[in-house]
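Okay, structure first, notes after.
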Amino acid sequence: MNFLIATDSFKDSLSSLEVGKCVEKGTLRAMPDAQVVISPMADGGEGTIDALLHGGKGQEIEVQVHSPLMEKITTSYVVFSQEDKEFVFIECARSSGLPLVPTELRNPMVTNTYGFGEQIKDAIDKGYRHFILSLGGSATNDGGIGMLQALGWEFFDEKGEHIGAEANPLLQVATFSDRNVLPGVEDCTFIAASDVTNPFYGPNGAAHIFGRQKGASEDEIVVLDSALQRFSALIKENYDVDVQEVAGAGAAGGLGGAIVGPLRGSIRSGVELVMELTGLEDKIKSADVVITGEGSLDNQSMMGKVPFGIAKLARKYGKPVIGIAGRIDTNLEEVNKYLNGVFSIQTQCHTLEEALNPEVTSLQLEVKAQQIANVIVGVQR
C-alpha cells in the first residue's frame, strides 16, 4: 500500500518534515511493507522553503539583512528554474517573522519589513527578475513600507521630513516618492503566496485580525488600522490600485497591499502554489491513502490552509484523505465534507506547554499513525 504524507508543520513544535518522519515511523510499525512518500507542505508561510528544498527544488542563497527590530541577521532565499525562467522564492517569515522577535519585545508599533525588502534587493542585484514572495508569520504591521524603503521608495511625514528605516514607518507617512527606486524593479514580476484573504484595513483587516497576536494593544490596533487606511489612499492616488478591494492585501501586516500596489504584483493561494511547485498532484495520483494535517485544525484551516487544499485535490482523484492535528476545534460536519477521517494526536491529558514539547508531539504522532495503519490492516484482512 502506498501512503503519501503531506502535512503542514505543527507550529511551535515540529516542522512539516519532522511530522512526516514521525507519521512514517508509526505507519511502518503497523505495515512494514508499506511504501511511504513524505512531501512536506506549507501554505506560503514559514516552512515553505523547507518544503521546496525537500522536493529538490532549487538552490539556497544566504544573505545578511535586518530583523523586524533592525538587528543584523543571516537568512536565505531559494532560486529555482520553472518554465524556462529563474524564480526567486522568499519567505517573509525568515526576515520579518514573529519568531525573530523575543516574546516580551513583540509590538507591531516598532517592527518593520525592511529586511524582507533587503532580500528582494539582493536577488535583484544578482540579476533575478521573477519573484514568489511567501507571506505569513510576520511580526509586522507596516503595510510593506519597510520593504519598499529597502527597494528605494522614500517616505515623508506631514512636515515633509524624510522617514528613516527604523521602528514602524507606516505611523508617520504622509507622502512618498518612487523617483529613486532600485533600477530593475520595474522589470520584475512579483507573485505573493498567501494563506489569508483579509483586506488591507477595517474590521477584518491586517491590524484588527492579526495585531493582537503580534503584541498590539486595542488602542494601538486602532492607530495601525487608521494608518493603513491613509496609506491605501496614497497607493490609489499614485498607482490607481485600490488595495482594499484585493483579497489578501492585509496578509503579513499589509505586505500584500504593497505588493499588488507599488510593486504591481498579484496574490495567489499559498497552498495551491506550493502544491504546484512540489508536484503534489502526481504524488497524489500514485497514493492509495493521503495523510495530511497541521497543529491546529480550526475554522481558519478551511480558509486556504494545507489540509483542505490537499483534501480537495485528493478528492479529484478519489483518494481517501485522513487528517491529523494536535488540536481540533471546528465544525466537524464541514470537515467531513473534505476529509474521510480526522483525528487528534492527543493520547492523554497535557498542558499546552507539555503538548507542544517536540518529544511529546513526536511520540503521539507515531502512536496515532500506527493506530490508523492498524485499522487499515484490519480492514484489508
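The values are calculated or read from the model by the stated rules, or taken from the named source; none is laboratory data. The structure displayed is predicted, hence computed values, not measured ones. For neighbour counting, all protein chains shown are included, and Cβ atoms are generated from backbone atoms with ideal geometry for every residue, glycine included.
State whether one or more residues within the stretch 191-200 are aliphatic (A, V, I, L, M), over 24 Å from GLU272 (Cβ atoms) and in the same structural domain as ALA93 (by TED's automatic domain parsing). Looking through the stretch 191-200, none of the residues is aliphatic (A, V, I, L, M), over 24 Å from GLU272 (Cβ atoms) and in the same structural domain as ALA93 (by TED's automatic domain parsing).
Can you tell which of SER67, SER81 is surrounded by fewer than 24 Cβ atoms within 10 Å (Cβ to Cβ), touching a strand residue (DSSP E or B) at 6+ places or on another chain (Cβ under 6 Å), of a type in the set (S, T, N, Q) and not assigned by TED's automatic domain parsing to the domain that holds GLY326?
Criteria check complete, one pass: SER67.
If the condition is being buried (at least 20 other Cβ atoms within 10 Å of the Cβ) and on the phi > 0 side of the Ramachandran plot, then the stretch 155-197 contributes no residue at all. Can you tell which of GLY44, GLY56 is assigned to a loop (DSSP other than H, G, I, E, B) and surrounded by fewer than 24 Cβ atoms within 10 Å (Cβ to Cβ)? Being assigned to a loop (DSSP other than H, G, I, E, B) and surrounded by fewer than 24 Cβ atoms within 10 Å (Cβ to Cβ) holds for just one of GLY44, GLY56, which is GLY56. Please verify whether GLY326 is at pLDDT below 90, outside any loop (DSSP other than H, G, I, E, B) and within 19 Å of LEU17 (Cβ to Cβ), treating the condition exactly as stated. Here the answer is yes, as GLY326 does meet what is asked.
The set of residues in the stretch 127-164 that are part of a loop (DSSP other than H, G, I, E, B) and in contact with a strand residue (DSSP E or B) (Cβ under 8 Å, 6 or more places away or on another chain) comprises TYR128, ARG129, LEU135, GLY136, GLY137, ALA139, TRP153, GLY160, ILE163.
Identify the residue in the stretch 260-282 that is surrounded by fewer than 24 Cβ atoms within 10 Å (Cβ to Cβ) and part of a strand (DSSP E or B) and, among all such residues, is farthest from the chain's Cα centre (by Cα). The selected residue is SER266. Within the stretch 248-295, being among the charged types (D, E, K, R) and closer than 27 Å to GLY202 by Cβ holds for ARG264, ARG268, GLU272. Close contacts from the stretch 304-327, counting a first residue that is free of Cβ contacts under 8 Å to residues at least 24 places away in the same chain and a second that is buried (at least 24 other Cβ atoms within 10 Å of the Cβ) and among the charged types (D, E, K, R), with Cβ to Cβ under 7 Å and a gap of 6+ residues or different chains, come to none at all. Filtering the stretch 172-207 to residues that are over 19 Å from ASN238 (Cα atoms), assigned to a loop (DSSP other than H, G, I, E, B) and of a type in the set (S, T, N, Q) leaves THR197, ASN198, ASN204.
Table: residues versus (1) surrounded by fewer than 19 Cβ atoms within 10 Å (Cβ to Cβ); (2) over 20 Å from ASP8 (Cα atoms).
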site	(1), (2)
ALA287	no, no
THR330	yes, no
VAL342	no, no
THR347	yes, yes
LEU363	yes, no
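Picking from residues in the stretch 348-381 that are modelled with pLDDT of 90 or more and of a type in the set (Gly, Ala, Ser), the one that is farthest from the chain's Cα centre (by Cα) is ALA373. Pairs linking a residue in the stretch 208-233 that is among the aliphatic types (A, V, I, L, M) to a residue that is surrounded by fewer than 16 Cβ atoms within 10 Å (Cβ to Cβ), with Cβ atoms under 8 Å and 6 or more positions apart or on different chains, are ILE221/ARG212.
Could you please find all residues in the stretch 137-166 being closer than 19 Å to ALA216 by Cβ and either charged (D, E, K, R) or at pLDDT 95 or above (or both)?
ALA139, THR140, ASN141, ASP142, GLY143, GLY144, ILE145, GLY146, GLU166
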